[in-house]
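Here is the structure we will look at, set down as structure tokens.
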Amino acid sequence: LLMWVLPLAVLRIFGSPKPDEIARARAETRYDRGIVTIVLEGAWTGGNLSALRRSFAEAAKTKGEVVINMKEVSHLDSAALGSLLLLYGHLNKAQRGVRIVSVSKSLKRIIRYSGAEYLLGGMPGAE
């Protein structure tokens, strides 16, 4: 527990996103041959999740695999991570694939310290 809680607390204190990163947050949903790709960018916090939740809700209504591209994401807080967990749980229950791709080292660290590293491994049905 100490190996996760302390590093995550340090990250939260010293790793807060800058206002311009929060303002840059965007979610774009693309559809191609039964695959839904959600391209995210910027910093995601509890105050700017409406576009993220909208994209996740749209993806949850489809029947195909979901790919979340995080190449341009600079930060996720616990509310954003919670939204990812909800989508993962919904798709898992529906036995659908989800992949989270192009995750930076700093985001991997946040996800790992939050105890959600399994999000990075996909799930059955994902390639």
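The values are calculated or read from the model by the stated rules, or taken from the named source; none is laboratory data. Treat the numbers as computed from the prediction; the structure is a model and nothing was measured. Because the Cβ atoms are built from the backbone with ideal geometry, glycine has one as well, and the counts that use them run over all protein chains shown. For accessibility, only protein heavy atoms count, side chains too; no ligands or nucleic acids. Shrake-Rupley method; radii C 1.70, N 1.55, O 1.52, S 1.80 Å.
Table for the structure above
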quantity	calculated
Enumeration of residues in the stretch 57-75 that are out of contact with any strand residue (DSSP E or B) (no Cβ under 7 Å at 6 or more places or on another chain) and not in a helix (DSSP H, G or I)	K63, K71
Residues within the stretch 62-75 that are without any contact (Cβ under 8 Å) to a residue 40 or more places away in the chain and under 13 Å from S104 (Cβ atoms), tallied	5
Complete set of residues in the stretch 30-56 that are among the hydroxyl-bearing types (S, T, Y), part of a helix (DSSP H, G or I) and within 17 Å of Y88 (Cβ to Cβ)	S55
Number of positions in the stretch 104-121 that are closer than 21 Å to A59 by Cα and crowded, with 19+ Cβ neighbours inside 10 Å	1
Residue within the stretch 76-95 that is within 18 Å of R30 (Cα to Cα), open to solvent by less than 20 Å² (accessible area, probe 1.4 Å) and assigned to a strand (DSSP E or B) present	no
The stretch 31-61, subset hydroxyl-bearing (S, T, Y) and crowded, with 17+ Cβ neighbours inside 10 Å, residue nearest to L107 (Cα to Cα)	T45
